[in-house]
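> Provided herewith is a single structure, encoded as structure tokens, for subsequent inquiry.
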Amino acid sequence: SQKIEQNSEALNIQEGKTATLTCNYTNYSPAYLQWYRQDPGRGPVFLLLIRENEKEKRKERLKVTFDTTLKQSLFHITASQPADSATYLCARADQGGKLIFGQGTELSVKP
Amino acid sequence: GAVVSQHPSRVICKSGTSVKIECRSLDFQATTMFWYRQFPKKSLMLMATSNEGSKATYEQGVEKDKFLINHASLTLSTLTVTSAHPEDSSFYICSAQSPGLYSYEQYFGPGTRLTVT
């Protein structure tokens, strides 16, 4: 079965630094990976989608990479702010658009 | 942007009763909606895929007679937890997908916290 694995340990960084979150997948490469942000008690919010044939994608302070050799996607937040503190979820899409989520990585940005 | 609402946001019910949760796409038509549940500090677990006008497709291990899903229109899907038990207490989240939007982006509702006493 297809799996998505994220570092379950919380990531604590200082404001202004770059946060890097890791997402690894098993078996065949998905056509694309998606990254979501989830705040406590709320539904996930879509952030970025990166296709298999794209190495990198950017949106403002966010950057996502996709390495099919390593079977890995990295999610970067540059110039991090306390407001970036949340849980970040990586997901791969299955047939019919079903999403398979990783367990999420909790990011805490300290002022 | 695409907005999905859920109602209620929180519900407390007694064991043995049924609870209905609504999921609405407010500014787009959703041919497909998904229902997830999430336990504290855990990831989202897909329960079922709901397609407008047809029967829902349930994931392995999800009891279709317990979690009734109806997708009666392009903007509304409902999840009914029947004969609820304390172990059904969880955070239920729906998402909507539309062919008019980027194919595989999903827009999530704010979630419904169900507590069964």
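Values in this text are rule-based calculations from the coordinates and carry no lab data. Note that this is a predicted model, so its numbers are computed, not measured. Every residue, glycine among them, receives a Cβ derived from its backbone with ideal geometry; neighbour counts consider all protein chains shown.
> With +1 on each Lys and Arg Cβ and -1 on each Asp and Glu Cβ, how big is the dipole of chain B about its Cα centre, in debye rounded to the nearest 20?
Details: 11 positive and 9 negative charges, 70 e Å.
It works out to roughly 340 debye.
> Express the relative contact order of chain A as a whole percentage, based on alpha carbon pairs under 8 Å and six or more residues apart in sequence. Before the final figure, lay out the partial values.
Numbers: 274 pairs, mean separation 40.7, N = 111.
This gives 37 percent for chain A.
> Among the lysines, which have Cα under 27 Å from the Cα of B:K20 when same-chain residues fewer than 8 positions away are ignored?
Output for B:K20: A:K98, B:K41, B:K42, B:K55, B:K64, B:K66.
> Can I ask one more? For region B:46-117, which chymotrypsin sites (Phe, Trp or Tyr not before Pro) are both in a DSSP coil and crowded by at most 15 other Cβ atoms within 10 Å? Each step should come with its number before you reach the end.
Numbers: sites: B:Y58, B:F67, B:F91, B:Y92, B:Y102, B:Y104, B:Y107, B:F108; in loops: B:Y102, B:Y104.
Those that pass, being in a loop and sparsely packed, are B:Y102.
> Any idea how far apart A:K59 and B:F39 come out in nm if each label point goes 7 Å out from Cα toward Cβ?
Taking the two extended label points, one gets 3.1 nm.
> Okay, next question. State whether chain B is rounded, prolate or oblate according to the following rule on the C-alpha gyration tensor (a ≥ b ≥ c being the square roots of its eigenvalues): a/c under 1.5 gives rounded; otherwise a/b larger than b/c gives prolate, and the remaining case gives oblate. Kindly include the intermediate steps, with their values, before the conclusion.
Working: a/c = 1.79, a/b = 1.61, b/c = 1.11.
Prolate, since a/c reaches 1.5 and a/b exceeds b/c.
> Determine the dipole magnitude for the protein assembly as shown: charges of +1 sit on the beta-carbon of Lys and Arg, -1 on that of Asp and Glu, nothing else is charged, the reference point is the Cα centre, and the result goes in debye to the nearest 20.
On the way: 26 positive and 21 negative charges, 40 e Å.
Here the protein assembly as shown has a charge dipole of around 200 debye.
> Using the alpha-carbon centroid of each, what span in Å lies between region A:1-57 and region B:42-97?
Region A:1-57 and region B:42-97 have Cα centres separated by 25 Å.
> Sort the protein assembly as shown into rounded, prolate or oblate with this rule: let a ≥ b ≥ c be the square roots of the eigenvalues of the Cα gyration tensor; rounded if a/c is under 1.5, and if a/c is not under 1.5, prolate when a/b is larger than b/c, oblate otherwise. Each step should come with its number before you reach the end.
Numbers: a/c = 1.87, a/b = 1.50, b/c = 1.25.
Verdict is prolate for the protein assembly as shown.
> Still on this structure, I have one more. Which aspartates and glutamates does A:K63 reach when only Cα atoms under 13 Å apart count, and residues fewer than 8 places away in its own chain are ignored?
Output for A:K63: A:E54.
> Counting other C-beta atoms within 10 Å, and keeping those with at most 13, which DSSP coil GluC sites (Glu not before Pro) do you find in region A:30-111?
Working: sites: A:E52, A:E54, A:E56, A:E60, A:E106; in loops: A:E52, A:E54, A:E60.
Taking region A:30-111 and a limit of 13 other Cβ atoms within 10 Å, the loop GluC sites (Glu not before Pro) found are A:E52, A:E54, A:E60.
> For chain B, what relative contact order do you get, as a whole percent, if you take Cα pairs closer than 8 Å and at least 6 residues apart?
On the way: 291 pairs, mean separation 42.6, N = 117.
Reported relative contact order: 36 percent.
> Count the net charge of all other residues whose Cβ sits under 15 Å from the Cβ of B:L74, scoring Lys and Arg as +1 and Asp and Glu as -1. List each step's numbers first, then the result.
Numbers: positive: B:R24; negative: B:E22, B:D27, B:E52.
Net of charged neighbours comes to -2.
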